[in-house]
Amino acid sequence: MRNGSQEGMAMGSATTRVGIAILLVATLSPANAQPGRKSERAVVEKTVRDSIGWALTKDRPLLEGIIAHDADLFIFHPDSKSTVVGWDAFARNFSTWMDPRFKATSFDVRDLRVTFSRSGDVSWFSAVLDDMGEWDRKPVGWKDTRWTGVLEKRAGRWVIVQMHFSFASDRAPA
């Protein structure tokens, strides 16, 4: 028959084993097993911001480096006429963006949330975007735009493969 101190030691030992097992499961779960998640998040966040911010300096190579160059690229704009399907359709916009009459003046990305797939090679985001500019010295742009998107890690680089911009129906611009 065990005395009270032996039972306490046995329970303490069992509790310790259970605690270690829980710690191991939590540490080795797919969501936590990916090294560098914090640095990957920083790279994805920078990629998302650069996909708009490139226009301030018209850094075309920057944008070209972060957008997928294939038929999988898909972008929904708030209007029904501006859906982009594929790199070729996207690249046609450079004639407008690089036109001297177009000038990006500011952008703001708020409430950016980034999530990663378990495999770590896909990420999706949501944010609120202000993207302001001028066309022929007249103000243009989007304020309080809901913005979501998907990135894939391809050949070691994060590239945007899908984006969706919209306005809340109770805040749609006039």
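Only the coordinates and a few stated rules stand behind these numbers; no lab work does. What you are looking at is a predicted structure, and each value in this text was computed from that prediction instead of being measured. Note that each Cβ is placed from the backbone with ideal geometry, even for glycine, and that neighbours are counted across all protein chains shown.
Under 5 Å between amide hydrogens, which residues at least 5 positions from T105 or on another chain qualify, with H placed 1.01 Å from N in the peptide plane?
Counting only residues 5 or more places away or on other chains, the set is M132, G133, E134.
Got a sec? How would T148, T47, T83 order by Cβ neighbour count within 10 Å, fewest to most? Don't skip to the answer; put the middle values down first.
Numbers: T148 15, T47 22, T83 11.
Lowest count first: T83, T148, T47.
Where a Cα-Cα gap under 16 Å defines reach, which lysines qualify for K153, not counting those fewer than 8 residues away within the same chain?
K38, K46
By the scheme Lys and Arg +1, Asp and Glu -1, what is the net charge of all other residues having a beta-carbon under 14 Å from that of T148?
+2
What is the set of long-range amide H partners of L73 at a cut-off below 5 Å, with H atoms built 1.01 Å from backbone N?
The list, which skips near neighbours in sequence, is G86, W87.
Tell me, in nm to one decimal, what length is gained between F76 and A42 on full extension, where the rule is 0.36 nm per residue of separation less the Cα-Cα distance?
Net length gain for the segment: 9.7 nm.
Starting with the fewest neighbours, write out M163, M98, M132 ranked by other beta-carbon atoms found within 10 Å of each beta-carbon.
Least to most surrounded, the residues fall as M98, M132, M163.
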